[in-house]
Amino acid sequence: MAQIVPVVLSGGNGTRLWPRSRASKPKPFLPLIGEQTLFEEALARCPADLGFAAPFVVTGALHLDHVEDQLGDVAGGRIIVEPSARNTAAAIALAAYSLDEDQVMLVCPSDHHIGLPEVFAKAAQDAASLACEGWLVSFGIEATAPETGFGYLKRGEAIASADGAKGFRTAQFVEKPDLERAKDFLADGNYSWNGGVFAFRVKDFRKELEQHRPQIAEAVKAAVANGRFDGRRFHPDAQIFASVESDSVDYAVMENTQHAAMVPVAMEWSDIGNWHALLDALERDEAGNACSGAGEVELVDCQNVLVDSDGPRVSVIGLENVVVVVDGNDVMVTSLEGAQKVGKLSGAKNQ
């Protein structure tokens with residue numbers, strides 16, 4: 001089997017984890033869990049000794065310095081600089097038209113946390129084996145709660161590669177459901193979360209994109225052909241890329257292909273999509289509380305409280321299900337229920 005090329009997508013504006021995460025330095029580049037940043041975690045999950053090639057990072061100019069700094073001296077690592085934001089179909093296509101057609105791409109968001117990286121690596125190897133036989137593979141992440149913020153994948157008939165890797169046809173891609181429908185999915189047992197991790201052979205992805213979104217394919221291909229290198233950075237032609245339609249890879253390719261498959265995986269995954277999700281991912285005390293950041297924290301008679309402070313001492317007494325964040329001159333307090341609305345704050349929108 002060919003080496004697996006990690007294609008790490010890195011962007012975002014950081015609003016849902018404001019004020020710690022900001023447009024100038026969003027959550028991929030922050031050490032939210034442990035010493036490593038989420039971006040560094042994504043790179044570390046794909047080591048050479050497990051069959052992974054050097055990573056391709058796709059990012060915008062705004063975050064280029066962070067990528068350069070945290071990519072470090074990874075041998076062979078390359079950076080594709082998006083001239084403008086055009087969603088995931090175009091971002092992935094930039095890598096696809098920069099790679100050899102027989103290589104296998106492993107598309108990885110840079111802002112997720114995976115508690116079991118060894119399980120991730122095994123799933124990536126299985127997905128790559130299926131991809132080598134023409135499947136376009138999604139990771140079907142074990143659904144542990146009736147989440148309404150994720151899309152879902154419905155499991156179809158079982159499939160297997162010649163070398164024994166097992167998976168399933170993807171019977172259906174489901175948009176973010178309401179709570180009752182999400183509960184039904186969880187009870188059914190045949191639905192997984194769609195976490196935006198994919199594996200496909202380059203030539204198969206190109207073929208599907210050219211069939212279903214020819215404008216995106218043609219424009220990205222031309223932008224790559226007319227791009228330029230600057231060390232390990234590659235700059236596609238900005239004028240050509242500006243004409244690319246904005247579309248997600250799910251809408252553009254995965255929901256249209258007749259070769260969609262999934263590999264189920266239980267890898268303690270979280271998209272760290274808001275402060276509530278971060279609390280769930282952190283190590284907590286017997287009362288369900290967690291603290292992060294450099295500041296000193298004192299909690300008295302608290303339950304399910306998260307405090308993240310970059311310096312000032314924070315004391316909390318008698319509260320439940322609350323998040324307190326201190327970042328410079330910004331202080332944000334929310335209930336866990338309200339955490340999903342943080343991005344609507346004027347501070348988050350006008351950062």
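If I filter region 146-157 down to residues being surrounded by fewer than 19 Cβ atoms within 10 Å (Cβ to Cβ) and over 19 Å from the mean Cα position of the chain (by Cα), which single residue comes out as nearest to residue 337 (Cα to Cα)?
It comes out as 146.
Residue 240 passes all but one of (1) under 28 Å from residue 151 (Cβ atoms); (2) assigned to a helix (DSSP H, G or I); (3) not assigned by TED's automatic domain parsing to the domain that holds residue 335; which number fails?
(1)
Across region 283-313, which residue is nearest to residue 194 (Cα to Cα) among those that are surrounded by fewer than 19 Cβ atoms within 10 Å (Cβ to Cβ) and hydrophobic (A, V, I, L, M, F, W, C)?
Checked region 283-313; the qualifying residue nearest to residue 194 (Cα to Cα) is 287.
Residue check: is residue 106 in the same structural domain as residue 219 (by TED's automatic domain parsing), at pLDDT 95 or above and surrounded by fewer than 17 Cβ atoms within 10 Å (Cβ to Cβ)?
Numbers: in the same structural domain as residue 219 (by TED's automatic domain parsing): yes; at pLDDT 95 or above: yes; surrounded by fewer than 17 Cβ atoms within 10 Å (Cβ to Cβ): no.
Here the answer is no, as residue 106 does not meet what is asked.
Cβ-Cβ distance below 7 Å, separation of 6 or more or different chains: which pairs start in region 205-232 with a residue that is under 15 Å from residue 259 (Cα atoms) and end on one that is among the hydroxyl-bearing types (Ser, Thr, Tyr)?
Listed by first residue and then by second, the contacts come to 208/257.
Does region 280-290 include one or more residues that are acidic (Asp, Glu), at negative phi and in a strand (DSSP E or B)? If you could, list the steps in order and put the result at the bottom.
Going through region 280-290, the residues acidic (Asp, Glu) turn out to be 280, 283, 285-286.
The next check asks that each one be at negative phi; those that pass are 280, 283, 285-286.
From what's left, in a strand (DSSP E or B): none.
Scanning region 280-290 turns up no residue that is acidic (Asp, Glu), at negative phi and in a strand (DSSP E or B).
Of the conditions (1) modelled with pLDDT of 95 or more; (2) in contact with a Gly (Cβ under 8 Å, 6 or more places away or on another chain); (3) part of a loop (DSSP other than H, G, I, E, B), residue 311 fails just one. Which one is it?
Here residue 311 clears every test but (1).
If you take the residues of region 248-282 that are more than 17 Å from the chain's Cα centre (by Cα) and hydrophobic (A, V, I, L, M, F, W, C), which of them is surrounded by the most Cβ atoms within 10 Å (Cβ to Cβ)?
In this case the residue turns out to be 253.
To keep it simple, each residue is scored yes or no on (1) over 29 Å from residue 221 (Cα atoms); (2) over 20 Å from the mean Cα position of the chain (by Cα).
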site	(1), (2)
163	yes, yes
167	yes, yes
171	yes, yes
175	yes, no
182	yes, yes
186	yes, yes
195	no, no
198	no, no
201	no, no
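Which residue is surrounded by the fewest Cβ atoms within 10 Å (Cβ to Cβ), if the candidates are limited to region 55-76 and must be within 17 Å of the chain's Cα centre (by Cα) and β-branched (Val, Ile, Thr)?
Ranking the candidates gives 67 first.
The values are calculated or read from the model by the stated rules, or taken from the named source; none is laboratory data. All figures in this text were calculated on a predicted structure; none of them were measured in a lab. Methodologically, a virtual Cβ is constructed for each residue, glycine included, from the backbone with ideal geometry; neighbour enumeration extends over all protein chains shown.
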